[in-house]
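Trainee: Before I ask anything, let me first share the structure, which is written out below as structure tokens.
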Amino acid sequence: MRYLIGIDIGTSATKTVLFDERCQAVTSSSQEYPLYQPQNGWAEQDPIDWYHAVEKTICDVVQESGVNPQDIKGIGLSGQMHGLVMLDEDNAVIRPSIIWCDQRTGKECEEITERVGRKRLIEITANPALTGFTASKILWVRNHEAENYRRCRHILLPKDYIRFRMTGEYATEVSDASGMQLLDIPNRCWSDEILEKLEIDKALLPKVYESPEVTGTISKEFSEKTGLSVDTVVVGGAGDNAAAAVGTGIVFDGRAFTTIGTSGVVFAHTSEPRIDPQGRVHTFCCAVPGCWHVMGVTQAAGLSLKWCKDQLADRYRMKAEKEGCDVYRLINQAIADVPRGSRRLIYLPYLMGERTPHLDPDARGVLFGLSAIHTQADILRAVMEGVSYSLTDCLDVLHEMGVEIDSMMACGGGAKSPIWRQMLADMYHTPVSTVMNTEGPALGVAILAGVGADIFSDVPTACEQFIQKKMTCSPDPAAGAYYDRGHHLYKRLYQQLKDCYRELAELN
């Protein structure tokens, strides 16, 4: 039996899964690490924390499985996108990684737009300048930490830093590189024009591969630390959402998925590079060679529920600790008794600004309609509904672009909640399904590794063979009609508050 490993370097934890050649999970391990917020709107992590988590979880799955390391033929890497990792001439990390949800780079986005031109920027990178993307982070370091920028010799994305530690290779792949705002999206290569206009040395950037391509093999040093074979190949892998698409079979036109992780995404596959001229959604190269995807992003999806759980749901946390059970199971049980609409309470999930459709780093979260009748359960359900409204905003933009969707899958931690899946089905007016295998991004990059290791012929064939639906939530017309009205009010709230957000941001 041959085996594959999928590693997902997420925002809250790294998860490593060992699969057999039939894409069945054999064993897995996860390791959490902290997120640092030195100032309001900032978000950083230490790349060394990611590396230690990867090393530990690989050791766990190799030892627990008892599999001969020689039989592990390939490894795929998935990871949080957009994070900036800077290495010096000795390959030491220069500063903490500024990660995807950081919002400090508003002025740098203005600088990028001025240097390149908004229209030309969208033509090349398929997106307007955004605070979350890597290019603006690079300029922020150059503008604010000149010495750190002077020391920089290599710029990598989070998962690609792990690749370097595993193989010694400076490499990335098209799906993750698409989120740097330095890639020519239609042509799937670094844009010399963008780099020249931004005065970024191309030598700082890694080589770009397609997602299933082999980028290297396990180094002797990493082999000695983990027990992996030096013959095991490491493929390009994919950014977290592109990896999740492969892991849920979204590799054909007409297929889409919604993921509710720390952030939320509505993602649709397309065989041609469709670009929104308003820049409300992202068009990236996908993990299937020669194809693209269009995705809308909610910055604080699962993060909103986690924040609410940590700050406002003490009764459920205490009960979970006392009973030794999952707090989210108790939350789902509690909100099952709350009527749709959360007793006329609406939540705007803009804890970290917002991407789709507003592109507004100054937006902030709101509980609208709060009164003395509301309970913790009401607030928790309102948070789930508010996130779902935001994801519906994303889907609406895809429809405007002519992206036809006839199949919607759900993945991520939030998709484990049948209540949340039903909300999505009702708001989308579309059945929402889950897959039998819930490993998502880890499975996706394991499939990519299987292609690179010559176990599978290509990505779509492997997905058709190994990925199956598990259950489907059908839309309730009455609930859908109610949520249509709620969504209309939800959208008006942002428009009413937009100027207030900007004024709030300017308060000292």
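The values are calculated or read from the model by the stated rules, or taken from the named source; none is laboratory data. Bear in mind that the values here come from a model prediction, so they are computed numbers and not experimental data. Here the Cβ positions follow ideal geometry from the backbone for every residue, glycine too, while neighbour counts run over all protein chains shown.
Trainee: Being surrounded by 24 or more Cβ atoms within 10 Å (Cβ to Cβ) and free of Cβ contacts under 8 Å to residues at least 40 places away in the same chain narrows it down to one of F267, F257, F284, so name that one.
Mentor: F267
Trainee: Filter segment 302-327 down to residues that are of a type in the set (S, T, Y) and over 25 Å from H487 (Cβ atoms), then give me how many there are.
Mentor: 1
Trainee: Pairs, please: C-beta under 7 Å, at least 6 apart or cross-chain, first residue surrounded by fewer than 16 Cβ atoms within 10 Å (Cβ to Cβ) and in segment 10-36, second assigned to a strand (DSSP E or B) and charged (D, E, K, R)?
Mentor: Partner pairs satisfying both residue conditions: A13/E32; Y36/E44.
Trainee: How do the pairs read when you match residues in segment 428-450 that are closer than 15 Å to G261 by Cβ with residues anywhere that are hydrophobic (A, V, I, L, M, F, W, C) and surrounded by fewer than 24 Cβ atoms within 10 Å (Cβ to Cβ), using Cβ under 6 Å and keeping only pairs 6 or more apart or on different chains?
Mentor: Partner pairs satisfying both residue conditions: T434/M471; E439/A25.
Trainee: Separate question: Pick from segment 185-196 the residues that are part of a helix (DSSP H, G or I) and touching a residue at least 60 places away in the same chain (Cβ under 8 Å): which of them is nearest to I112 (Cα to Cα)?
Mentor: Out of the qualifying residues, it is I194.
Trainee: Pick from V54, V61: which is surrounded by 16 or more Cβ atoms within 10 Å (Cβ to Cβ) and either more than 22 Å from L156 (Cα to Cα) or of a type in the set (K, R) (or both)?
Mentor: When all the criteria are applied, what remains is V61.
Trainee: What number of residues within segment 200-227 are in a loop (DSSP other than H, G, I, E, B), within 22 Å of L87 (Cβ to Cβ) and not hydroxyl-bearing (S, T, Y)?
Mentor: 5
Trainee: Would you please name the residue that is surrounded by the fewest Cβ atoms within 10 Å (Cβ to Cβ), looking only at residues in segment 106-117 that are over 25 Å from the mean Cα position of the chain (by Cα) and on the phi < 0 side of the Ramachandran plot?
Mentor: E114
Trainee: Can you say whether V17 is of a type in the set (A, V, I, L, M), under 25 Å from I467 (Cα atoms) and either in contact with an Asp or Glu (Cβ under 6 Å, 6 or more places away or on another chain) or not assigned by TED's automatic domain parsing to the domain that holds G450 (or both), as far as the supplied structure shows?
Mentor: So V17 passes the test.
Trainee: From K197, K207, K225, grab the single residue that is surrounded by fewer than 22 Cβ atoms within 10 Å (Cβ to Cβ) and under 27 Å from D60 (Cα atoms).
Mentor: Of K197, K207, K225, the one residue that is surrounded by fewer than 22 Cβ atoms within 10 Å (Cβ to Cβ) and under 27 Å from D60 (Cα atoms) is K225.
Trainee: Considering only segment 362-388, how many residues are in contact with a strand residue (DSSP E or B) (Cβ under 9 Å, 6 or more places away or on another chain) and surrounded by fewer than 24 Cβ atoms within 10 Å (Cβ to Cβ)?
Mentor: Residues in segment 362-388 being in contact with a strand residue (DSSP E or B) (Cβ under 9 Å, 6 or more places away or on another chain) and surrounded by fewer than 24 Cβ atoms within 10 Å (Cβ to Cβ): 9 in total.
Trainee: With under 30 Å from P69 (Cα atoms), among the β-branched types (V, I, T) and assigned to a strand (DSSP E or B) as the only criterion, which of V294, V288, V234, V230 stands out?
Mentor: That would be V234, the only listed residue that is under 30 Å from P69 (Cα atoms), among the β-branched types (V, I, T) and assigned to a strand (DSSP E or B).
Trainee: While we're looking at this one, here's another question. Could you tell me whether R115 is in contact with a Gly (Cβ under 7 Å, 6 or more places away or on another chain) and among the charged types (D, E, K, R)?
Mentor: Against the criterion (in contact with a Gly (Cβ under 7 Å, 6 or more places away or on another chain) and among the charged types (D, E, K, R)), R115 does not qualify.
Trainee: Restricting attention to segment 250-297, which residues are under 24 Å from T14 (Cβ atoms) and small (G, A, S)?
Mentor: G261, S263, G264, A287
Trainee: Further question: Among the residues of segment 358-380, is any in a strand (DSSP E or B) and farther than 25 Å from Y316 by Cα?
Mentor: The answer is yes, given that some residue of segment 358-380 is in a strand (DSSP E or B) and farther than 25 Å from Y316 by Cα.
Quick grid of which residues meet (1) modelled with pLDDT of 95 or more; (2) of a type in the set (S, T, Y):
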site: D240; (1), (2): no, no
site: T248; (1), (2): no, yes
site: F257; (1), (2): no, no
site: V281; (1), (2): no, no
site: F284; (1), (2): yes, no
site: C291; (1), (2): yes, no
